[in-house]
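Engineer: One structure, as structure tokens, below. Some questions next.
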Amino acid sequence: MTARLEPGDQAPAFTLPDDTGREVSLAQFAGRKVVVYFYPAAMTPGCTTQACDFSDSLDALQASGYDVVGISPDKPEKLAAFRERDHLTITLLSDPDKQVLTAYGAFGEKKLYGKTVEGVIRSTVVVDEDGKVADARYNVKATGHVAKLRKDLGL
């Protein structure tokens, strides 16, 4: 089982390409809070719902001091198609070797239709202004997750 992050842990540093190939690192968000969420695959129904929910909430999240970064194993080209197709406004990052997914506890064994498989565990980690984990949620549901997260964060 992949180790999961807990509040108070140092968030693992990362630098990954976005959908345009531009490098984005966690360090760029120093001094701001950032919601880092991990999803299995761009352009699938659940992941589309979640990405659209985060995009629809981005203005309110940013007004409250939160940025949003979505990370999947998809290549930048697929992320670009996802952004364009669904008019996404959040930052989408590519982690094809799954190193960041693993470091955040978002890749490993999970249950899928009653079977144990290895894959991306839909997860959300809130990182505070100092790079520490403020909240870590694993095995979240795609539908309704953003609304629950906003409520729990008091937004």
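The values are calculated or read from the model by the stated rules, or taken from the named source; none is laboratory data. Quick caveat: nothing in here was measured; it's all calculated off a predicted structure. When we count neighbours, we look across all protein chains shown, and the Cβ atoms used for this are built from the backbone with ideal geometry, even at glycine. Accessible surface areas use protein heavy atoms only, side chains included; no ligands, DNA or RNA. Shrake-Rupley method; radii C 1.70, N 1.55, O 1.52, S 1.80 Å.
Engineer: In whole Hz and in residue order, list the ³J(HN,Hα) couplings for the range 120-136 that follow from phi through the Karplus curve 6.51 cos²θ - 1.76 cosθ + 1.60, θ = phi - 60°; x for Gly and Pro.
Structural biologist: Per residue, the Karplus-derived 3J(HN,Hα) values read 6, 9, 4, 9, 9, 10, 9, 9, 7, 4, 9, x, 9, 6, 8, 7, 9 Hz.
Engineer: At 1.4 Å probe size, with every protein chain present, just tell me what the per residue accessible area of the range 11-155 comes to in Å². Before the final figure, lay out each step's value.
Structural biologist: Details: 6700 Å² over 145 residues.
With all protein chains present, the range 11-155 gives 46 Å² per residue.
Engineer: Also, quick follow-up: Just to be sure I understand: of the beta bridges DSSP finds with both ends in the chain, what percent are antiparallel, rounded to 5?
Structural biologist: The antiparallel fraction comes to roughly 70 percent.
Engineer: Follow-up question, since we're still on this one. Over 21 Å between Cα atoms, which of Lys33/Lys75; Lys111/Lys141; Lys110/Lys141 qualify?
Structural biologist: Lys33/Lys75
Engineer: A further question follows. Output ³J(HN,Hα) for the range 144-150: one whole-Hz value per residue in order, computed from phi by the Karplus curve 6.51 cos²θ - 1.76 cosθ + 1.60 with θ = phi - 60°, and x for Gly and Pro.
Structural biologist: Computed from phi, the couplings for the range 144-150 are x, 5, 5, 4, 5, 4, 4 Hz.
Engineer: Which distance in Å, rounded to a whole number, links the C-alpha centroids of the range 102-155 and the range 16-85?
Structural biologist: 14
Engineer: On to the next question. Hey, for a label at Ala13 modelled as a point 7 Å past Cα toward Cβ, could you say which residues of the range 122-140 have their backbone N under 18 Å away?
Structural biologist: Correct set: 127-133.
Engineer: Each residue of the range 57-66 in turn: what ³J(HN,Hα) in whole Hz from Karplus with 6.51, -1.76, 1.60 and θ = phi - 60°, glycine and Pro shown as x?
Structural biologist: 9, 4, 4, 5, 5, 5, 5, 9, x, 10
Engineer: At 222 nm, what value in deg cm²/dmol follows for the chain if DSSP H runs of at least 4 each add -39500 (n - 2.57) and the sum is divided by all its residues, to the nearest 500?
Structural biologist: -8500 deg cm²/dmol
Engineer: Carbon and sulfur together cover what percent of the accessible area of the chain at a 1.4 Å probe radius?
Structural biologist: Numbers: 3830 of 7480 Å².
Of all accessible area on the chain, carbon and sulfur atoms account for 51 percent.
Engineer: To continue, here is another question. If you compute Rg and Dmax of the Cα atoms in Å for the structure shown, which of [x] 14.4, 49; [y] 24.3, 91; [z] 14.2, 42 do you land on?
Structural biologist: It is the one labelled [z].
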